[in-house]
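Just below is one structure, and these are the notes that go with it.
The values are calculated or read from the model by the stated rules, or taken from the named source; none is laboratory data. Predicted model only: the values in this text are computed from it and were never measured. Here the Cβ is made from the backbone with ideal geometry for all residues, glycine too, and neighbour counts use every protein chain on show. Ligands, DNA and RNA are stripped out before the accessible areas are found, and what is left, the full protein with its side chains, is counted by its heavy atoms. Shrake-Rupley method; radii C 1.70, N 1.55, O 1.52, S 1.80 Å.
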Amino acid sequence: MAKPLELINVKDLTICESTAQMITKARNDGVELFFDRANSMKACPIGEKSACCKMCSMGPCRMNVNSPYDRVGVCGATVDTIVARNFGRMVAGGTAAHTDHGMAMLELFRDVISGKTKDYSIKDPIKLMEIAASLDIVTEGRELKDIAMDLYHELERTYTQVDGEIPMMKRVPPKTLEHWRAAGVVPRGAMREIMEMMHRTAMGVDQDYENITKQITRTALADGWGGSMVSTDISDILFGTPSPVEVEVDMGVLKEDSVNIIVHGHEPNLLESMVVSVADPTLLEAAKNAGAKGINLVGMCCSGLEALSRHGLSHAGNFSSTEAVLVTGAIDAMTVDIQCIKQGLQKVADFYDTPFITTNYRAKIEGAQHIQLEEHDPRECTDEIVIKAITRFKNRKKPIQIPRNKTKGVHGFSFEYINYMLGGSFRGSYTPLNENIINGRIRGVAGVVGCTNPRSKQDYSHVELVKELIRNDVLVLQTGCSQMALAKAGLTGPGAAALAGPGLAEVCETVGMPPVLGLGSCVDNSRILIAASEMVKVGGLGDCIADLPAAGCAPEWMSEKAIAIGHYFVASGVYTVFGHNFPMTKGTKFEKHLFEDLETLGFGKWGFADDPREMARLMIAHIDKKRKELGIDKARDRVLMDMADRQALAIE
Ligand code: SF4
Ligand code: MSK
């Protein structure tokens, strides 16, 4: 039987001090949070191992997770077919989420250039020209508007194309693309790939786990190098490419004397309009008349990461803290759009009299107020949200308790800024990064990304893993809720270099960067792919992404989107470790296929570990293996053994 939550020490649920305080307050207030529900709702042991099939009404059919080949489904489906089909549908679900988001951004772009939408504009015309040129669109001597419309039509193929390679394949390192072509996994349009994935995993269609894996790979690539990448690029073109900015994070950013509004979700258009609304003199005046010092717009989850990297807005916390922040009683409105919005937020908001407002036609929540954001007039929606928040401020009744914790850090890195940061404005380049990897100061690069999850102590694995990686001279790139875990723990400031190994610390000091670089929301993982491609292009580290001394990890993942991201990294050639649980039946051929065979077939591979130090050990061992294959392990040995030798390997 589950232990009553009040008997569980909050320190076992989270290392986020603010969230811990709010869990205690919620217990005292009699409010249920997702930590309580995770405790009382034990995971089904068969579903947890993905060994259950409900593709038809002859089932559901449950396999024996301890002896997986003991039985088959009513139709005769083996455990490999069942687990592979379930995995494929997770990838299809995650890819659908990212690509639908990306397509919405692309449609907004079309409406901005055609003049249908006037509240948004093109903020980064240079990036527009660069992306157009990278896709072989003629830019010379042409009007920006014409180039933009050509870019729209070209990128639309990412989603709708029935046959042929999607445009972003032009940005894939040639050897990697050659390998995908040979393996038959180059994606067509995302809609086609998702449709085929769903079809092939229906009852009685594809029943060969290796063949199913091919479609899983093609679908995931349609996400990472398609829908997600277009989403990031178009968001940068419309709202500005991020550059480093110092930001305060954690619940201490809330202000008792101001109107506090939380924006939570994923699409930047809601937040961009909120930024304009909270600066409106009339609304500011209304807030003052209500007795507030001002309006405090704060982000959470991935919307928060977009807000912090483009506007320097404060961030209150990641996925596991979205209910907890309402418990402060200080939130005068929480406004949400799509993805990772817990339905449970509605009840918590209700208890603390906080207006909880959905804004996207795709994502309504029973009991929540819905104020639709219309792209041709977003202010109508966001002004109304601000007015509701001011009204709630004026009528605050519940006692307020704001945790005092807040931490400063630097965020807003992008592929473009890293280029500039390493090489300067005249010779912007990834060459210094490659050189420092080759000479051993930097051992390798890791992407640490993804969600938090109430079945895993919040933030703990993210923070311990990253500390271990940087201590071992591994440069860490971050996105999503992971980035916020590290920001709260103080590892996104330049001071974090003190926790890095001597080689990485020296590079950080020379360049003036932290050892942990935050690249944005979970859809922005495509920035890591582009950075990896550039490392291949610069040279010295092999011919394809699979050759790089690099690894990825999502230690506390929860969403199907994370599985899609994990698989597009694996498909791109990256060893990718997931933590706390994996939707897999142990001892199956499908497990061996994902965890071993894919690497021998020229892709990356999946890994799993429960403990953050073990995750780090696996990733570092892989990085060292790649260094050895590249013949650069000797320089690293000297770095470890001899300080004088290390100093002799000067930066050019
Ligand atoms: Fe059972 Fe086969 Fe139907 Fe799945 S498809 S529920 S294994 S009968
Ligand atoms: S919000 S997908 S919990 S990273 Fe992008 Fe965070 Fe994971 Fe959602």
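Descriptive notes on the structure:
- Amide H to amide H, with H built 1.01 Å from N, Val577 comes under 5 Å of Gly552, Cys553, Ala554, Gly607, counting only residues 5 or more places away or on other chains.
- Distance (nanometres) between label positions extended 7 Å along Cα→Cβ at Asn28 and Ala202: 5.6 nm
- With a cut-off of 12 Å between beta carbons, the residues surrounding His593 carry a summed charge of -3, where Lys and Arg count +1 and Asp and Glu -1.
- Relative packing of peptides 578-588, 521-531, 267-277, 287-297 - highest average C-beta neighbours within 10 Å first: 521-531, 267-277, 578-588, 287-297
- Extending 7 Å from the Cα toward the beta-carbon at both Glu143 and Tyr420 defines two label points whose distance is 2.9 nm.
- For Asn472, distant residues with modelled amide H under 5 Å away: Gly501
- Relative contact order of segment 95-176, pairs being alpha-carbon contacts under 8 Å that are 6 or more residues apart, as %: 27 percent
- Near-label residues of segment 212-233 by backbone N, under 19 Å of a point 7 Å along Cα→Cβ of Lys592: 212-214
- Cα→Cβ-extended label distance, 7 Å offset, between Lys628 and Glu107, nm: 5.2 nm
- Net charge, Pro242 excluded, C-beta distance under 15 Å - Lys, Arg +1, Asp, Glu -1: -4
- Backbone N within segment 570-594 under 18 Å of label point (7 Å from Asn64 Cα along the Cβ vector): 585-589
- Shape category assigned to segment 142-240 from the gyration tensor of Cα positions, a/c cut at 1.5: prolate
- Residue-averaged 222 nm ellipticity for the chain, from DSSP H runs of 4+ at -39500 (n - 2.57), nearest 500: -14500 deg cm²/dmol
- Phe319, Phe595, ranked by accessible area, largest first (probe 1.4 Å): Phe595, Phe319
- Percent carbon-and-sulfur accessible area, the chain, ignoring ligands, DNA and RNA, probe 1.4 Å: 51 percent
- Per-residue HN-Hα couplings for segment 95-106 [Karplus 6.51, -1.76, 1.60; θ = phi - 60°; Hz; x = Gly/Pro]: 5, 4, 4, 5, 6, 5, 4, x, 5, 4, 5, 5
- Sorting the segments 34-47, 388-401 by their mean number of nearby beta carbons within 10 angstrom, highest to lowest, gives 388-401, 34-47.
- Spatially proximal lysines relative to Lys586 (Cα-Cα < 23 Å; intrachain offsets below 8 disregarded): Lys42, Lys49, Lys54, Lys214, Lys561, Lys605
- Mean sequence separation of contacting Cα pairs (under 8 Å, at least six apart), scaled by the length of the chain, corresponds to a relative contact order of 16 percent.
- All lysines inside 16 Å of Lys406 as judged from Cα atoms, apart from same-chain residues fewer than 8 positions distant: Lys255, Lys488
- Gained length - Arg455 relative to Glu285, 0.36 nm times residue gap less alpha-carbon distance: 56.7 nm
- Summed over the residues of segment 409-648 and divided among them, the accessible surface reaches 31 Å² per residue at a probe radius of 1.4 Å.
- Full-extension gain in nm, Ile46 to Asp353, via 0.36 nm per residue minus C-alpha separation: 106.6 nm
- Spatial offset of segment 43-99 relative to segment 551-612 amounts to 17 Å, using the alpha carbon center of each.
- Each residue of segment 526-532 is assigned a 3J(HN,Hα), and the resulting list reads 4, 4, 5, 4, 5, 5, 5 Hz, derived from the Karplus form 6.51 cos²θ - 1.76 cosθ + 1.60 (θ = phi - 60°), x at Gly and Pro.
- Compared with the direct C-alpha span, the chain from Thr391 to Gln343 gains 14.9 nm at full extension, assuming 0.36 nm per residue.
- Straight Cα distances below 16 angstrom link Lys118 to the lysines Lys145, with same-chain residues fewer than 8 positions distant left out.
- Average Cα contact separation per residue, segment 346-499, under 8 Å, 6 or more apart, as relative contact order %: 18 percent
- For peptides 619-632, 339-352, 452-465, sequence by mean Cβ density within 10 Å, most packed first: 452-465, 339-352, 619-632
- Applying the Karplus relation 6.51 cos²θ - 1.76 cosθ + 1.60 with θ = phi - 60° to segment 32-49 yields 3J(HN,Hα) values of 8, 10, 5, 4, 5, 5, 5, 6, 7, 9, 5, 5, 5, x, 7, x, 4, 8 Hz, where x marks Gly and Pro.
- Rounded if a/c under 1.5, otherwise prolate or oblate - the chain, Cα gyration tensor axes: rounded
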